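Heads up, the thing below is written out as structure tokens.
What follows is calculated from the coordinates using simple rules that are stated; it is not laboratory data. Bear in mind the structure is a predicted one, so any value in this text is a computation, not a measurement. Methodologically, a virtual Cβ is constructed for each residue, glycine included, from the backbone with ideal geometry; neighbour enumeration extends over all protein chains shown.
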Amino acid sequence: MKLQFSKAALHDLVRLREFIAVNNPAAAGRVSKRMRAAVNSLLHTPQIGRPVDNLPGEIRELIFGRYVVRYEVREDVLSILRIWHGKENR
């Protein structure tokens, strides 16, 4: 399965890392590493996330720790759509 990130998801990754790094650069690195591991786990088990109602296609969310990864599964492509902290207003 091929992994791709939307422009918005890439922006989310940068934004989250920069936000955390302001107060704790080491924590920013740890969170980034955990995010990569969570996203990579989806390549092996893409159905693990819960389905998101009221959106077209097969849109799912994976919640890990305090973060949410919204993604879409299409044939042989896993598209990461957005990533945010659970306390953000989404």
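Could you list Met1, Met35 in order of exposure, starting from the residue whose Cβ has the fewest other Cβ atoms within 10 Å?
Details: Met1 12, Met35 20.
The order, fewest Cβ neighbours first, is Met1, Met35.
Would you mind ranking Glu58, Glu72 by Cβ crowding within 10 Å, fewest neighbours first? Walk me through the intermediate numbers first.
Numbers: Glu58 14, Glu72 19.
Going from least to most buried by this count: Glu58, Glu72.
Would you kindly derive the ³J(HN,Hα) couplings of the stretch 66-81 from the backbone phi angles with the Karplus curve 6.51 cos²θ - 1.76 cosθ + 1.60 (θ = phi - 60°), listing them in order in whole Hz, with x for Gly and Pro?
9, 10, 10, 10, 9, 8, 10, 10, 9, 6, 10, 10, 10, 9, 7, 8
Give the separation of the Cα centroids, the stretch 1-20 to the stretch 25-90, in Å.
10 Å
Quick one: angle between helix 7-23 and the longest Cα principal axis of the chain, in degrees between 0 and 90, rounded to 10, please.
So the inclination is approximately 20 degrees.
Treat each spin label as a single point 7 Å out from the Cα along the C-beta direction, and report the His85 to Asn40 distance in nm.
In this crude label model, His85 to Asn40 measures out at 2.5 nm.
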